Amino acid sequence: MKRLLYIVDDGKRNFTYARVAGFMNAIKKAGAPINLYVIRSSGLGEYDAAHNCGEYNIYHLPDFSDFDAIILDINNFYNTNENLYGAKGASYVTRAAAASGKPVISLANKLADFYYVGIDNYAAMTSVIEYLHGELGLSDFWFLMGPEDNYENKIRSEALTAYCRDKGLPVGQERFHAESYAVESGIHGFGKLYHSHNEKLPQAIICSNDQIALGACRAAAAAGRAVPKDMMVTGFDNNAVSAYLSPTITTVDQLQWTMGEICIDIIQRIWRSDDVPLVTYTPTNLILRESTGAPKPTEENIMGRIGEFLNKEMYTEYFQNQLCAIQYKLPGCETIEEMCLALEPCIPAMQCRGLYLVLDKELYEYGNQISFDQGSGQAKSTNEGLMTEGYPESMELVFFWEEGIGMTFPKKTIQGLFPTFDSDKAGRDFLFAPIHFMDASVGYIVIRDCEEILHTGNIAPIVNTLTMAMRGFFAGKKLEYLNQMLSGISMRDSLTGLCNRLGYHHLASRLFRRVTSEGRRLGVIFLDMDKMKYFNDVFGHSCGDDAICSVSAAISANIPKDAIPVRFGGDEFMVLTPAGSREEVTELIERILNSIPAEAKARNMPDVPGISTGFVLTDPKSNLTLNDYVDEADKLMYNDKKSRKACRQ
């Protein structure tokens with residue numbers, strides 16, 4: 001079975017569906033042993049740079065060498081501003097494709113050493129201005145173009161400029177506006193040129209795509225101007241908007257379906273080692289409509305397109321209703337599984353045959369990777385965070401739904417795409433779309449048989465809805481983590497790092513209950529410094545602090561990991577430690593006392609702090625509380641202090 005990789009930067013382009021449909025139609029028609037893998041991103045220049053970084057990270061997901069041929073559809077990238085739009089993603093894709101050693105076709109963008117399949121943009125755009133000038137006799141134009149560094153837009157701009165210069169038509173920069181392929185570009189461009197030309201309109205506005213044309217028509221209507229009465233407008237690409245806008249827009253049809261079929265034919269010829277030209281131009285049609293004064297489309301044609309439009313809208317409305325229902329449920333979900341259960345009713349409305357969710361385990365294990373260090377009372381986490389470039393070596397298939405099977409939560413660790421997303425049946429397609437929090441990759445969603453969801457444009461809202469729900473879930477886990485970290489900080493004594501009184505109350509009762517329930521004993525040790533006033537009065541409070549730190553360091557260095565050390569007061573300390581016998585506790589106290597001189601010397605102390613101690617062992621069969629044992633240990637420590645003081649006197 002051959003694997004075909006299709007890398008596409010969608011960017012709200014409606015004709016992405018038609019190309020995929022063309023691929024699949026040709027594969028099924030030829031009975032070719034090919035499965036299609038669509039890696040889709042959807043970045044836009046007006047988006048935050050971090051968002052686009054997260055979108056284009058999906059290109060790191062596949063190992064390009066796992067495929068038998070590669071189709072690149074990355075003409076949406078802006079190439080001069082890496083931070084704005086994703087040239088880093090484009091450069092990675094081209095390098096990875098070239099390094100794969102497999103045949104590579106670049107759609108609509110001539111990239112060195114790759115096969116090119118696409119329209120002749122120069123000839124296609126020339127046909128537009130040729131019609132306006134040669135057939136209609138127009139000679140005064142404005143040009144509303146896409147991004148200046150976009151390959152197709154560059155060629156279209158060159159064609160218009162060359163034609164005007166050749167025919168002696170005005171073509172200065174004051175007649176151009178270049179921005180993006182979005183509707184806003186047409187609105188901004190019309191407004192800018194309208195005001196710079198003192199509200200004097202040209203005979204026609206030539207736009208680099210239909211979305212720009214839509215924006216120009218809207219801006220003209222807002223200025224009280226009508227198309228085509230006051231000026232004509234042309235678009236490019238034959239998007240749905242060009243056929244359904246009133247007036248309908250003259251445009252260029254790239255025959256995207258045909259382009260997809262031609263790609264499959266070329267790939268099969270390359271596999272057969274046929275002689276294939278490096279450049280293959282696909283056909284275009286200039287479609288004349290009302291915006292240039294052409295007759296309204298015939299009833300038969302328009303009714304067919306309206307029928308297609310209404311059918312699409314019907315499914316979109318059904319999908320939107322389902323999506324709205326789950327959007328109310330998702331914020332209340334406390335686990336990834338609950339989110340998937342909430343999502344399940346919406347899946348049939350996507351008109352796909354399978355949906356899979358793969359996540360970085362860091363996301364949903366974030367809260368489980370936090371624990372308390374019983375010794376310091378500090379919250380710790382083994383969480384390494386989400387990746388911003390590439391994906392983890394292993395991820396988890398959390399959820400899948402398949403037609404005729406229903407949903408399952410396999411929680412299966414997978415590495416790479418295969419064999420999880422493989423099939424021994426030809427004519428299958430898989431769509432991979434990224435889930436990310438700005439530049440941080442969370443995982444990806446996979447759609448099997450994706451033609452319809454691309455056609456309706458419903459892939460973006462489902463991914464966005466799921467992403468926002470997960471982002472809320474992740475934020476809750478992060479807040480929980482931060483609260484525990486803050487709790488850990490508040491339970492520690494700032495001078496010694498030992499537990500303070502709050503830490504004692506939070507952790508000690510938990511340890512006491514656990515040890516008692518296990519039938520074990522707990523050693524409760526009180527330690528009190530002698531001569532603390534002497535250190536403060538004679539040598540200063542900084543020396544007193546060093547004395548306290550000497551004792552706390554000796555305690556920390558000698559107690560077992562499951563013990564809880566506490567700075568109970570100014571110069572009072574407590575240790576709670578599981579212990580089997582009095583001898584065990586006595587040995588622990590001796591180790592602490594023997595370590596104090598070295599700790600004092602390390603701090604250049606003028607004298608070694610003396611220590612009074614007292615301890616008790618708890619009895620798991622007794623009804624005494626922890627406070628009862630603490631009081632008893634305190635009394636024993638006080639008796640030891642009195643004895644030591646008497647000896648010194």
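Observations on the model:
- The listed residue being closer than 30 Å to residue 63 by Cβ and touching a strand residue (DSSP E or B) at 6+ places or on another chain (Cβ under 8 Å), out of 107, 169: 107
- Given (1) in contact with a helix residue (DSSP H, G or I) (Cβ under 7 Å, 6 or more places away or on another chain); (2) in a loop (DSSP other than H, G, I, E, B); (3) open to solvent by 20 Å² or more (accessible area, probe 1.4 Å), index of the condition residue 416 fails: (1)
- Residues within the range 112-122 that are without any contact (Cβ under 8 Å) to a residue 60 or more places away in the chain and open to solvent by 50 Å² or more (accessible area, probe 1.4 Å), tallied: 3
- Within the range 616-639, one or more residues are buried (at least 16 other Cβ atoms within 10 Å of the Cβ) and in contact with a Leu (Cβ under 6 Å, 6 or more places away or on another chain).
- Restricting the first member to the range 495-520 and to residues that are over 18 Å from residue 555 (Cβ atoms) and open to solvent by 30 Å² or more (accessible area, probe 1.4 Å), and the second to residues that are part of a helix (DSSP H, G or I) and modelled with pLDDT of 85 or more, the beta-carbon pairs closer than 8 Å and six or more apart or on different chains are 509/626; 512/626.
- Failed criterion for residue 192 (all others in (1) at pLDDT 95 or above; (2) within 14 Å of residue 146 (Cα to Cα) hold): (2)
- A single entry from 158, 199, 148 fulfils the requirement of being open to solvent by 10 Å² or more (accessible area, probe 1.4 Å), assigned to a helix (DSSP H, G or I) and either closer than 30 Å to residue 266 by Cβ or not β-branched (Val, Ile, Thr) (or both): 158.
- Applying the condition of being free of Cβ contacts under 8 Å to residues at least 60 places away in the same chain and open to solvent by less than 40 Å² (accessible area, probe 1.4 Å) to the range 553-570 and asking which residue is farthest from residue 541 (Cα to Cα) yields 558.
- If you filter the range 346-362 down to residues that are over 18 Å from the mean Cα position of the chain (by Cα) and open to solvent by 50 Å² or more (accessible area, probe 1.4 Å), you find that the one that is modelled with the highest pLDDT is 353.
- Qualifying residue in the range 592-599 (condition: at pLDDT below 90, open to solvent by 30 Å² or more (accessible area, probe 1.4 Å) and not aliphatic (A, V, I, L, M)): no
- Test: residue 491 is of a type outside the set (Ser, Thr, Tyr), at pLDDT below 90 and either open to solvent by less than 60 Å² (accessible area, probe 1.4 Å) or within 30 Å of residue 563 (Cα to Cα) (or both): yes
- When residues of the range 1-54 are limited to those that are modelled with pLDDT of 85 or more, more than 18 Å from the chain's Cα centre (by Cα) and among the polar types (S, T, N, Q), the one farthest from residue 456 (Cα to Cα): 35
- Qualifying residue in the range 168-188 (condition: open to solvent by less than 20 Å² (accessible area, probe 1.4 Å), among the aromatic types (Phe, Trp, Tyr), modelled with pLDDT of 95 or more and under 40 Å from the mean Cα position of the chain (by Cα)): no
- Elements of type strands (runs of 3 or more DSSP E) contained in the range 506-611, each with 1 or more residues being among the basic types (Lys, Arg): 564-567
- Per-region count, the range 55-90, residues at pLDDT 80 or above and either of a type in the set (Ser, Thr, Tyr) or outside any helix (DSSP H, G or I) (or both): 14
- Figure legend. Inter-residue proximity from the range 65-76: first residues in contact (Cβ under 8 Å) with a residue 24 or more places away in the chain, second residues assigned to a strand (DSSP E or B) and among the charged types (D, E, K, R), beta-carbon distance below 7 Å, spacing 6+ or different chains. Indicated pairs: 66/3; 67/3; 68/2; 68/3; 73/9; 74/9; 76/9.
- Scanning the range 26-46 for residues that are buried (at least 18 other Cβ atoms within 10 Å of the Cβ) and out of contact with any Lys or Arg (no Cβ under 8 Å at 6 or more places or on another chain) gives 26, 27, 38, 39, 40, 41, 43, 45.
- Remark: pairs (first residue in the range 273-287, touching a residue at least 40 places away in the same chain (Cβ under 8 Å) and over 22 Å from residue 250 (Cβ atoms); second residue in a strand (DSSP E or B) and aliphatic (A, V, I, L, M); Cβ separation under 8 Å; 6+ apart in sequence or on different chains) = 280/117.
Conditions (1) among the hydroxyl-bearing types (Ser, Thr, Tyr); (2) in a helix (DSSP H, G or I); (3) at pLDDT below 80, marked per residue:
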residue: 268; (1), (2), (3): no, yes, no
residue: 291; (1), (2), (3): yes, yes, no
residue: 302; (1), (2), (3): no, yes, yes
residue: 309; (1), (2), (3): no, yes, yes
residue: 312; (1), (2), (3): no, yes, yes
residue: 315; (1), (2), (3): yes, yes, yes
residue: 325; (1), (2), (3): no, yes, yes
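- Checked against the criterion of being β-branched (Val, Ile, Thr) and farther than 26 Å from residue 505 by Cα, the range 579-597 has at least one qualifying residue.
- Total residues in the range 124-135, condition out of contact with any strand residue (DSSP E or B) (no Cβ under 8 Å at 6 or more places or on another chain), in contact (Cβ under 8 Å) with a residue 12 or more places away in the chain and either small (Gly, Ala, Ser) or part of a loop (DSSP other than H, G, I, E, B) (or both): 0
- Count of the range 590-602 residues which are under 14 Å from residue 529 (Cβ atoms) and among the hydrophobic types (A, V, I, L, M, F, W, C): 4
The values are calculated or read from the model by the stated rules, or taken from the named source; none is laboratory data. This one's a predicted model, so the numbers in the text were calculated from it and none came from an experiment. With ideal geometry, Cβ positions are generated from the backbone for all residues, glycine too; neighbour counts draw on all protein chains shown. The area values use the complete protein model at the heavy-atom level, side chains included, leaving out ligands, DNA and RNA. Shrake-Rupley method; radii C 1.70, N 1.55, O 1.52, S 1.80 Å.
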